[in-house]
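Bear in mind these aren't lab numbers, they're just calculated from the coordinates by the rules spelled out. Values in this document were obtained by computation on a predicted structure and should not be read as measured data. Cβ atoms come from the backbone with ideal geometry, glycine included; neighbour counts cover every protein chain shown.
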Amino acid sequence: MNIDPSIFKDYDVRGIYPKELNYDTFYQIARELALFYQPKIISIGRDIRESSKDLQKAMINGFIDQGVDVVDLRLITTDMIYFASGKYNYDLSVGITGSHVEKGNGFKICKKGALTISGEEGLYSVRDSLLKRKSFPEGSKKGKVSSKDILNEWIAHALSFINPSKIKPLKIVVDTGNGMGGLVMQPIEEKLPGEFINLFPELDGTFPNHFPNPLIFENQRFAIDKIKKIKADLGIVFDADGDRAFFIDENGKSLSGTILTATVAQNILKKNPGETILYNAVCGRIVPEVIKKNGGKAIRVRVGHSIIRGKMREENAIFAGEHSGHFYFRDNYYADSGLIMVLEVLELVSQDSRPLSEIVKEFDKYPQSGEINFKVEDKKEMMKLLEDKYKKRADSTDWLDGVSVWFSDWWFNVRPSNTEPLLRLNVEADNQELLEEKISEVIKVLTTAGAVKK
C-alpha cells in the first residue's frame with residue numbers, strides 16, 4: 001500500500017493533511033486495524049477541524065467494509081474517547097484529531113477499557129503489515145453504523161470528581177479558541193455558579209481568532225489581557241482537542257504543569273491520604289516534595305501517555321501529572337482530562353480564601369527554564385557527552401527518560417523528541433541567578449558539541 005510510514009508515531013498517527021494523510025490513507029488504515037485487532041464494534045469521534053469530517057468518513061467506510069460495526073460519536077474532545085471506551089467497552093475507540101498541531105491531523109486509538117494503543121503495543125505492527133499488503137480480503141458482511149451522543153454522560157462523569165455545591169461564584173475567563181473545549185464548557189458552566197467570560201466559544205475548524213495551542217505564549221495573550229481588564233479570579237485556556245487546559249492566575253501569570261501537579265496533588269491527598277501519585281521525568285522537585293510531605297507515595301516515570309497510564313494501573317495511582325499539562329485520574333479509567341482538571345482547580349480555589357496566585361505561591365519554589373530545543377544529528381551521542389561532562393562532579397545521574405543530572409542546588413534533564421531530530425532541555429535551580437548561570441552553561445556545552453539551538 002502507498003502509505004507514508006512516518007505518520008505512525010509512538011502514541012498516535014499524525015501528519016499533514018492531505019499531503020501525508022488523506023481519505024485513502026485513513027480508509028486503508030481502518031481496514032488494517034480491523035484485520036489486526038478483529039473488533040466487532042468500534043466507536044469513532046472527531047474534532048472540529050475541517051479535514052476531520054473527511055477522515056472520519058474514511059475510517060467509518062474502511063471499518064464497515066471489513067465487517068465491523070461502527071458507533072459514530074460525532075464531535076468529541078479527545079478525553080471523551082477514553083470515557084466512551086471505558087464506559088461502553090467498545091473493542092476499539094478512535095478519536096480523529098490533530099491535537100495541538102496547527103496544520104496536521106491524525107488519530108488516537110485505544111482498546112476496550114480505555115487501554116492506550118501505542119507504537120510498540122500495536123500501531124507499528126499495523127504499519128508494517130499495511131506496507132506489505134497488496135489487497136484486502138473482503139469481509140463476509142458489511143458492518144452497520146449507528147450514532148451515539150455521550151456529551152451529557154461525560155459532563156455528569158466529570159462533575160462526579162467534585163462537589164458542585166461547594167464551588168464559589170468566581171469570575172473566570174475561558175478561552176477555547178473555537179476548538180473542542182467549547183463543546184464541554186457550556187454545559188459545565190450551566191451547572192456551576194459564577195460568571196464565565198467565554199472567548200471564542202463557537203466551534204470553528206478554521207480557527208479564525210487564534211489557533212488553540214496554549215504551549216505558544218501568544219495564544220494565551222487574549223485570556224491574560226481579559227483577566228487583567230475585568231479583574232477576573234483566574235483564566236482557563238484549552239488546546240484544540242480539549243484534553244488539556246492551561247491555567248492563568250488573577251495577575252495574568254500562566255501556571256506550569258509542575259506547579260499545578262503539586263497543587264492538585266496536595267488537595268487530592270487531603271481527601272485521599274496515603275495514595276500513590278505519579279509525575280513525569282521533567283516535573284520539578286516540588287512535586288515529590290509535596291507528595292511525600294502530605295503522606296503520599298511519589299513515583300517518577302518517563303514522559304508519555306501510554307507509559308504513564310500503564311504505570312498508573314500497575315501502581316493503582318490515584319493521579320498523575322506531566323509538566324506539559326496532561327493530568328491523569330484513576331477514576332477516569334486512568335486517562336487524562338482537561339475538563340476534570342478544570343473542576344479540580346475550581347474546587348481547590350473555592351475551598352481557599354486566598355487568590356490563586358497566593359495558593360500556588362508555596363509551590364513556586366524553584367525557578368525553571370521551560371523547554372529549550374536543540375537540533376542534533378546523533379541524540380544518543382549528545383546525551384552521553386553531557387553525562388560524561390558532568391558525571392564526576394554531579395550528585396547523581398539517571399537515564400529514566402533521556403539523561404538527568406542532579407546537584408544539590410540545581411538539576412537538568414535532556415531528553416530526545418520522539419518525532420523530530422531534537423533534544424529538549426529543562427533546567428531547574430534553587431534561585432533565578434543560579435538558574436540563568438546553569439542554563440548558559442549547559443547551552444554552551446551543547447552548542448560547542450554541535451547542537452543548534454532552535
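Modelled spin-label separation between LYS87 and LYS270, with each label point placed 7 Å from Cα along the Cα-to-Cβ direction: 2.9 nm.
Within the stretch 154-248, all pairs of alpha-carbon atoms sorted by distance into 10 Å bins from zero give the percentages 17, 50, 30, 4. In the chain, Cα pairs under 8 Å separated by at least six residues give a relative contact order of 12 percent. The charge dipole of the chain, taken about its Cα centre with unit charges on the Cβ of Lys, Arg, Asp and Glu (plus for the first two, minus for the last two), comes to roughly 680 debye. A Förster radius of 41 Å combined with the Cβ-Cβ distance from LYS389 to LYS292 puts the calculated FRET efficiency at roughly 0.85. Projecting the Cα atoms of VAL237, ASN209, TYR82 onto the charge dipole of the chain (Cβ charges, centred on the Cα centre) puts TYR82 farthest toward the positive pole. Applying 1/(1 + (r/R0)^6) with R0 = 45 Å to the Cβ-Cβ distance of ILE197 and SER396, what FRET efficiency is obtained, to the nearest 0.05? Rounded to the nearest 0.05, the efficiency is 0.45. With neighbours defined as other Cβ atoms within 10 Å of a residue's Cβ, the residues ILE291, ILE117 order from fewest to most as ILE117, ILE291. The largest-to-smallest principal axis extents of the Cα set in the stretch 372-453 are 32, 22, 21 Å. Projecting label points 7 angstrom from Cα along Cα→Cβ for LYS361 and LYS171 puts them 2.1 nm apart. Subtracting the Cα-Cα distance of ILE230 and LYS40 from their residue separation scaled by 0.36 nm leaves 63.1 nm.
In terms of packing, defined here as the mean over residues of other Cβ atoms within 10 angstrom, the peptides 72-84, 224-236 line up highest first as 72-84, 224-236. Straight-line reach from LYS444: taking Cα to Cα under 25 Å and skipping same-chain neighbours fewer than 8 places apart, the lysines in range are LYS375, LYS379, LYS380, LYS384, LYS389, LYS391, LYS392, LYS453, LYS454.
How much length would be gained if the chain were fully extended between LYS253 and LYS53, taking 0.36 nm per residue of separation minus their Cα-Cα distance, in nm to one decimal?
Details: separation 200, 0.36 × 200 = 72.00 nm, distance 3.65 nm.
Using 0.36 nm per residue and subtracting the Cα-Cα distance, I get 68.4 nm.
Note on the stretch 216-325: with charges restricted to the Cβ of Lys and Arg (+1) and Asp and Glu (-1), its dipole about the Cα centre is near 300 debye.
Each residue of the stretch 207-218 was assigned a 3J(HN,Hα) from its phi angle through the Karplus expression (A = 6.51, B = -1.76, C = 1.60, θ = phi - 60°), giving 6, x, 9, 6, 6, x, 10, x, 5, 8, 4, 4 Hz with x at Gly and Pro.
Starting from the Cα-Cα distance between SER146 and ALA449, subtract it from 0.36 nm times their residue separation and give me the gain in nm to one decimal.
Working: separation 303, 0.36 × 303 = 109.08 nm, distance 5.73 nm.
Gain in length upon complete extension: 103.4 nm.
Across the chain, the volume of the C-alpha convex hull divided among the residues equals 137 Å³ per residue. Of SER357, ALA265, LEU199, which is farthest towards the positive pole of the chain's charge dipole, taken about the Cα centre with +1 and -1 on the beta-carbons of Lys, Arg and Asp, Glu respectively? Farthest towards the positive pole: ALA265.
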